[in-house]
Amino acid sequence: MLLIGNLLWLLLGGFFIFLEYFIAGLLWCLTIIGIPFGLQLFKIGVASLWPFGRAVVTRPDSGTGSLLLNVLWLIFGGLSIALSHLAFGVAFCLTIIGIPFGLQHFKLMRLSFFPFSSVFRTQF
């Protein structure tokens with residue numbers, strides 16, 4: 001069932017979301033200061049490529065550095081990414097068929113709020 005959900009996700013826009021994150025990550029990596037942000041965009045992009053069967057987990061070893069980077073992340077674009085996932089999640093949840101896709105957007109929203117202190121792990 002997870003395979004079908006992920007394939008439908010890819011066909012219904014997941015691949016374009018991945019490309020968006022990948023291109024933005026490349027642009028951020030052009031500057032030395034933007035490399036940590038670009039790497040987080042790559043992480044979210046990979047998570048958006050195959051989201052079913054995975055969960056967002058808070059890293060236990062995240063500390064003050066992660067908090068500072070998360071605050072900078074929210075200021076320099078992370079908030080707009082999270083809000084776009086919120087909008088897509090609400091739009092998908094308006095239909096019964098779209099609820100699983102909306103839940104995946106809510107999961108990606110959580111990851112895009114705090115990417116420096118979260119990881120995307122496989123659920124069992």
Amide H contacts under 5 Å for Ser118, placed H, 5+ residues apart: Arg59
Residue-by-residue Karplus 3J(HN,Hα) for segment 104-119, coefficients 6.51, -1.76, 1.60, Hz, glycine and proline x: 5, 5, 5, 5, 5, 5, 4, 5, 7, 6, 10, x, 7, 10, 10, 10
Helix-only CD estimate at 222 nm, as mean residue ellipticity for the chain, using -39500 (n - 2.57) per DSSP H run (n ≥ 4): -19500 deg cm²/dmol
Of every Cα-Cα pair in segment 1-66, the percentage lying beyond 16 Å is 56
May I ask for the angle, rounded to the nearest 10°, between helix 35-49 and the longest principal axis of the chain, with both axes built from Cα atoms and the value confined to 0 to 90°? 10
Could you run the Karplus curve 6.51 cos²θ - 1.76 cosθ + 1.60 with θ = phi - 60° over segment 60-66 and give me ³J(HN,Hα) per residue in whole Hz, x for Gly and Pro? x, 9, 6, x, 5, x, 5
In the chain, taking the dipole from +1 charges on Lys and Arg beta carbons and -1 charges on Asp and Glu beta carbons about the Cα centre, the listed residue (His105, Ile35, Gly25) farthest towards the positive end is His105
Simple SL model, points at 7 angstrom along Cα→Cβ for Leu30 and Cys93; separation in nm is 3.7
Search the structure for amide H atoms under 5 Å from the amide H of Arg54, placed 1.01 Å from N in the peptide plane, and list their residues when 5 or more places away or on another chain. Gln123
Note, segment 86-98: 3J(HN,Hα) by Karplus (6.51, -1.76, 1.60, θ = phi - 60°), whole Hz, Gly/Pro = x, goes 4, 5, 5, x, 5, 4, 5, 6, 5, 10, 5, 5, x
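Tell me, what is the percent relative contact order of segment 2-122, built from C-alpha pairs under 8 Å that lie six or more residues apart?
29
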Distance in nm between Ile75 and Phe16 label points, each 7 Å along Cα→Cβ, equals 3.3
Taking the Cα centre as origin and putting +1 on Lys and Arg beta-carbons and -1 on Asp and Glu beta-carbons, what dipole magnitude results for segment 2-122, to the nearest 20 debye? 200
Suppose we look only past 13 Å in the calculated P(r) of segment 67-116. What percent of the Cα-Cα pairs does that tail hold? 53
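On average over all directions, what projected area in square nanometres does the chain have, based on the convex hull of its Cα atoms? Walk me through the numbers before you get to the answer.
Values: hull surface 30.2 nm².
Over every viewing direction, the Cα hull of the chain projects on average to 7.6 nm².
Readers should treat all values here as calculations from the given coordinates under stated rules, not as data from a laboratory. It should be emphasised that the depicted structure is a prediction, and the values quoted were computed from it without experimental measurement. Positions of Cβ are backbone-derived with ideal geometry, glycine not excepted, and every protein chain shown enters the neighbour counts.
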